[in-house]
Amino acid sequence: MKIFNNLSKFKSINKTFVTIGTFDGVHIGHQKVIKKLIKSAKNNKATSVLLTFFPHPRMVLQKDLDIKLINTIEERTKLLENLGLDILVIHEFSKSFAKLSALDFVRNILVNTLNISRLVIGYDHHFGKNREGNFEQLQDYGYTYNFKVKKITQQEISDITVSSTKIRKAIENGEIVKANSYLGYNFMLTGTVVKGKNLGEKIGFPTANIHIPETYKLIPKTGAYIIKSKIDGEEVFGMMNIGFRPTVGGKNQTIEVHFFNFDKQIYDEKIQIEVLKFLREEQKFDAIEVLKNQLIKDKNTCLEYINNNFLNEI
């Protein structure tokens, strides 16, 4: 997959089959649209192109709205690459770009820049200034500029309505299993391992403290979770705590991961955590020893779940 970080850097000679959207989450509905696009493009010897935007339009147009995204742009790019696209264009969304009329968007971008032959869109797609463009308008423009428009119906996408908003709400509520079923993969957190206060190591549960620089990244609700990761090609499982460490008087939210049967030095490494299941709410314990006993119980619960669902020997 070739990646272009601006529309001005891309010019296609070959005819293209295009889909457009923010695709936050790259969930099962998105995947269905994209896979149809890729298949159609291959069958017609065309180039599959996905045009997406960053920042998210709502982050630009509704700055007072503190929207959190399911994926960082890096995570979204990797997910899209895994689907087999030919071209990914990540265009900066700005207020001036938002002012493009539907006609200018079609003529200047789809036709003159992307050399579009077919547009594949979801059933609720709108575009252009004030989202004035709709499917019917696109069909009219298609007749004028000689491209076809294919709409993926709601029924084709899923028996239930899958949306990024619904997935965000599930993650915020700790309903990770539900969110993962909508995503079609495990929700992930990507960050750098930084030094903590080594409190976990003192009670036999050393942790990797994860720093996520993207402030727009959605973080699940506070609590303990079952997780897995891949480090140096090795799949490792563990448990993660998101919270304020009330037992030791913590003030700031942290993300701490304890890996099972793992003792490699990974400070300053960038790792990806796959969140599998919510375990329990964060609690304040009366003493460190009580916390340690709870962590032992948590570990046993995690291992039982992992052995039952992943059949790994840990």
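Read the figures in this text as sums done on the coordinates, not as results from a lab. Everything quoted here is computed from the prediction, not taken from an experiment. Every residue, glycine among them, receives a Cβ derived from its backbone with ideal geometry; neighbour counts consider all protein chains shown.
In this calculation the C-beta distance from Ile212 to Asn261 is compared with R0 = 35 Å, giving a FRET efficiency of 0.90. Quick one: helix 73-82 against the long Cα principal axis of the chain, what's the angle to the nearest 10°, folded into 0 to 90? Relative to the chain, helix 73-82 is tipped by roughly 70 degrees.
Proximity of backbone amide H atoms, modeled 1.01 Å from N, is registered between His91 and Thr52, Phe53, Phe54 at under 5 Å, excluding neighbours fewer than 5 places apart on the same chain.
For the stretch 2-164, the fraction of C-alpha pairs more than 26 angstrom apart is 21%. Computed from label points 7 Å out along Cα-Cβ, the spacing between Asn293 and Ile67 is 4.8 nm.
Helix 135-145 axis versus longest C-alpha principal axis of the chain: approximately 50°, rounded to the nearest ten. Over the chain, DSSP H runs of length four or greater, each weighted -39,500 (n - 2.57), average out per residue to a 222 nm ellipticity of -8500 deg cm²/dmol. For the pair Asn112 and Lys150 in one chain, pulling the backbone fully straight at 0.36 nm per residue adds 11.7 nm over the alpha carbon distance.
Suppose the chain between Lys221 and Asn307 were pulled fully straight at 0.36 nm per residue; how much longer would it get relative to their current alpha carbon spacing? Write out the running numbers ahead of the final one.
Details: separation 86, 0.36 × 86 = 30.96 nm, distance 2.53 nm.
Here the answer is 28.4 nm.
Nothing charged except the Cβ atoms of Lys and Arg (+1) and of Asp and Glu (-1): what's the magnitude of the dipole of the chain about its Cα centre? Round to the nearest 20 debye. All intermediate terms of the calculation are to be shown ahead of the outcome.
Details: 45 positive and 34 negative charges, 216 e Å.
Its charge dipole is roughly 1040 debye.
Think of the chain as having a plus end and a minus end, set by charges on the Cβ of Lys, Arg, Asp and Glu; of Phe187, Ile67, Pro55, Pro55 sits farthest toward the positive end of this dipole. For the stretch 186-310, taking Cα atoms only, Rg and Dmax work out to 13.6, 40 Å respectively.
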